[in-house]
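Structure, as structure tokens:
The values are calculated or read from the model by the stated rules, or taken from the named source; none is laboratory data. Source: prediction; values computed, not measured. For neighbour counting, all protein chains shown are included, and Cβ atoms are generated from backbone atoms with ideal geometry for every residue, glycine included. Accessible surface is based on the protein model in full, side chains and every heavy atom, while ligands, DNA and RNA are left aside. Shrake-Rupley method; radii C 1.70, N 1.55, O 1.52, S 1.80 Å.
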Amino acid sequence: MKLVSKFALALSLFAVTAAPAFAQSDEKPKKEKKEKKGKEATPAAPKRNYSKPFIAAYMPVANLLNKTKDAAAAKAEFPKILAAIANDDDRYEAGILAVNIGVSAKDTALQDQGIDLLLASATTPVEMKQAYTFRKGAIAYDGKRFADAEKSMIDAFNLGYRANNIEFLISNAMSQQNKDADAIVWIGKAIAASKAAGPVNKAYVIRAANLSAKARDFAGAANFYKDLVIAENNPDYWHDALAFFNRSLNTNPEESLDLMRLMRATNGLRFQQEYAEYLDSLSYIGVRYPAEAVSVLDEGFAKGVISRNNVTFSERYNEAKARLAEDTRTLAGTIAPAKASPRAMLATLTGDSFFSHKDYKTAKDLYDTALSKGPVLDKDGGNQTDRTRFRLAMAKAMLGDYAGAKADFAQITGANRKAIAEYWVIYINHLENPAPAAAPAATPAT
């Protein structure tokens, strides 16, 4: 990842350009003026205790780098400095010089050695140890030594280092080793850090979802994408969020239909298999909703996602088209019998037909009628109250009654429908608070 190289260079010498006091000047310092009364004196730099053999070994090598500008010669002579180290102050200065030489000579091994000296020295300030431990990890990452990169970056994180998107880089290092479960944990930390700093970094969320999908954790992938669709009403995000979510559920055709309807409403239908699933949900018992089938297929054909030359789609289209005229002709006559029947389910089924024709007002009235008759039971005694209330909420959403829709979605109790309702509510929130339109481009001056 090229990004890490930039980190390694940027961190090269943030506190390592200063030479030790013994190397800065041969002149005696001038006598300092007395501080004026009432002024606070500048704190003195910490006193260092360099050994004489170290000073003798250090100076010629430092001069090769800083005065002669001969990094190769300085690198060749550096072992003499190592041999003369006698204490932590020596070790600290040797580490700084090794990093400087390593940067100039483009020798990452010598930079690594310098960082190890700095980390081993009690003289090195804590904040420098944090940064240099990260730098060690960055160098390892650039060298594709991902296990070493992971270890050093986690050490830096544990020391308190939080810069340079460290959580994201740790996740990437783990992923490069096929440690995807651990990588997901760390990308989660990266997302949390991003949220704390401002708007969530979308690249992190997409990476997290892809890692989850790779591990076949489709529910996890959907949850990551949920952050994106909450933040932005983007059709591409909606597609991926709902596609992963769909794969995480074991739905019946009625539940699948209402999920696919949301994918359509968000302009998220992208692939042939999604149109096929939509049609299967519409027509799992014959051609139940020919108006919706024709409408969906027309949209798919117009977008070029599906083709009229595909036998399956063309046959389903012709079948639905053949049923459409009769379905439309008889629809109005179904309202009165449905409302008069003691069977609540008849009103639900009739409401479903009107919903498929996009007559959401009549559908809403029929769903209200069904719910007013008590539990909505199908012919086998199955309770369809949740299904009815869910579709009542959808009809209200389509009519612009967003508060009413959310109130009904909040009453859903079945696990699958409750989960699907969350996404419908996110969509309704966007309808209530649409993003401002982009400003028009400026007109060029003439």
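Would you confirm whether or not segment 221-230 contains a residue that is of a type in the set (Gly, Ala, Ser) and in a helix (DSSP H, G or I)?
yes
Give the residue that is modelled with the lowest pLDDT, with candidates limited to residues of segment 292-330 that are over 20 Å from residue 261 (Cα atoms) and polar (S, T, N, Q).
Applying the filter and picking the extreme gives 312.
Does residue 335 count as open to solvent by less than 60 Å² (accessible area, probe 1.4 Å), hydrophobic (A, V, I, L, M, F, W, C) and in a helix (DSSP H, G or I)?
Yes, satisfied.
Out of curiosity, is residue 236 under 27 Å from residue 184 (Cα atoms) and either surrounded by fewer than 17 Cβ atoms within 10 Å (Cβ to Cβ) or among the β-branched types (Val, Ile, Thr) (or both)?
On the way: under 27 Å from residue 184 (Cα atoms): yes; either surrounded by fewer than 17 Cβ atoms within 10 Å (Cβ to Cβ) or among the β-branched types (Val, Ile, Thr) (or both): yes.
Against the criterion (under 27 Å from residue 184 (Cα atoms) and either surrounded by fewer than 17 Cβ atoms within 10 Å (Cβ to Cβ) or among the β-branched types (Val, Ile, Thr) (or both)), residue 236 qualifies.
When the residues of segment 345-396 are narrowed to those that are open to solvent by less than 20 Å² (accessible area, probe 1.4 Å) and β-branched (Val, Ile, Thr), which ends up nearest to residue 432 (Cα to Cα)?
Filtering segment 345-396 for residues that are open to solvent by less than 20 Å² (accessible area, probe 1.4 Å) and β-branched (Val, Ile, Thr), the one nearest to residue 432 (Cα to Cα) comes out as 388.
Please specify each residue of segment 207-218 satisfying the condition of being of a type in the set (A, V, I, L, M) and open to solvent by less than 50 Å² (accessible area, probe 1.4 Å).
208, 209, 211, 213 - these are the residues of segment 207-218 that are of a type in the set (A, V, I, L, M) and open to solvent by less than 50 Å² (accessible area, probe 1.4 Å).
Among the numbered criteria (1) in contact with a helix residue (DSSP H, G or I) (Cβ under 7 Å, 6 or more places away or on another chain); (2) at pLDDT 90 or above, which one does residue 144 miss?
That leaves (1) as the condition not met.
Of everything in segment 105-150, what is open to solvent by 60 Å² or more (accessible area, probe 1.4 Å), within 28 Å of residue 49 (Cα to Cα) and part of a loop (DSSP other than H, G, I, E, B)? Give them in sequence order.
Answer for segment 105-150, where residues must be open to solvent by 60 Å² or more (accessible area, probe 1.4 Å), within 28 Å of residue 49 (Cα to Cα) and part of a loop (DSSP other than H, G, I, E, B): just 122.
For segment 239-276, which positions are hydroxyl-bearing (Ser, Thr, Tyr), more than 23 Å from residue 414 (Cα to Cα) and either open to solvent by 40 Å² or more (accessible area, probe 1.4 Å) or in a helix (DSSP H, G or I) (or both)?
Scanning segment 239-276 gives a single hit, 275.
What number of residues within segment 380-433 satisfy the criterion of being under 19 Å from residue 241 (Cα atoms) and basic (Lys, Arg)?
Total meeting the criteria: 2.
Take the conditions under 14 Å from residue 365 (Cα atoms), modelled with pLDDT of 95 or more, touching a helix residue (DSSP H, G or I) at 6+ places or on another chain (Cβ under 7 Å) and surrounded by fewer than 23 Cβ atoms within 10 Å (Cβ to Cβ) and apply them to residue 399. Does it pass? Steps first, answer last, please.
Values: under 14 Å from residue 365 (Cα atoms): yes; modelled with pLDDT of 95 or more: yes; touching a helix residue (DSSP H, G or I) at 6+ places or on another chain (Cβ under 7 Å): yes; surrounded by fewer than 23 Cβ atoms within 10 Å (Cβ to Cβ): yes.
Yes.
Given the options 349, 331, name the one that is closer than 25 Å to residue 280 by Cβ and over 45 Å from the mean Cα position of the chain (by Cα).
Being closer than 25 Å to residue 280 by Cβ and over 45 Å from the mean Cα position of the chain (by Cα) holds for just one of 349, 331, which is 331.
If you take the residues in segment 49-85 that are assigned to a loop (DSSP other than H, G, I, E, B) and more than 25 Å from residue 103 (Cα to Cα), which one is modelled with the highest pLDDT?
51
Could we say that residue 413 is modelled with pLDDT of 95 or more, closer than 19 Å to residue 338 by Cβ, surrounded by fewer than 22 Cβ atoms within 10 Å (Cβ to Cβ) and not aliphatic (A, V, I, L, M) here?
The answer is no for residue 413.
Please work out which residue is nearest to residue 141 (Cα to Cα), limiting yourself to segment 151-194 and to residues that are polar (S, T, N, Q) and open to solvent by 30 Å² or more (accessible area, probe 1.4 Å).
176
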